[in-house]
1. Give the residues of the range 27-39 that are in a helix (DSSP H, G or I) and surrounded by fewer than 10 Cβ atoms within 10 Å (Cβ to Cβ), sorted by residue number.
2. Return yes or no: is Tyr24 surrounded by 10 or more Cβ atoms within 10 Å (Cβ to Cβ) and not in a loop (DSSP other than H, G, I, E, B)?
3. Starting from the range 16-40, keep only residues that are free of Cβ contacts under 8 Å to residues at least 40 places away in the same chain, then list their pairs with residues that are surrounded by 10 or more Cβ atoms within 10 Å (Cβ to Cβ) whose Cβ atoms are within a distance under 7 Å, requiring at least 6 positions of separation or different chains.
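The values are calculated or read from the model by the stated rules, or taken from the named source; none is laboratory data. Keep in mind that this is a model prediction, so the values were computed, not measured. Methodologically, a virtual Cβ is constructed for each residue, glycine included, from the backbone with ideal geometry; neighbour enumeration extends over all protein chains shown.
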Amino acid sequence: MLRLLKYLFYLLIVAAVAFVGFAYLGPVFGVDFSAHMQTIELPLALDIN
């Protein structure tokens, strides 16, 4: 049982390193992580007496 937990821990560490590495190297491979900006204008009617 302890061996299984050890392997799961190692897998978690490798997955975390791969995730961080992909975040840094993603733009090199053509993956764009930036948010798409869009302007939204809504009309607002104020009823002031």
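1. Matches in the range 27-39: Val28, Phe29.
2. Numbers: surrounded by 10 or more Cβ atoms within 10 Å (Cβ to Cβ): no; not in a loop (DSSP other than H, G, I, E, B): yes.
Here the answer is no, as Tyr24 does not meet what is asked.
3. Partner pairs satisfying both residue conditions: Phe33/Gly26.
Okay, residues lined up against (1) under 16 Å from the mean Cα position of the chain (by Cα); (2) among the aromatic types (Phe, Trp, Tyr); (3) at pLDDT 85 or above:
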| site | (1), (2), (3) |
| --- | --- |
| Met1 | no, no, yes |
| Leu4 | no, no, yes |
| Tyr7 | no, yes, yes |
| Tyr10 | no, yes, yes |
| Val14 | no, no, yes |
| Val20 | yes, no, yes |
| Glu41 | no, no, yes |
| Ala45 | no, no, yes |
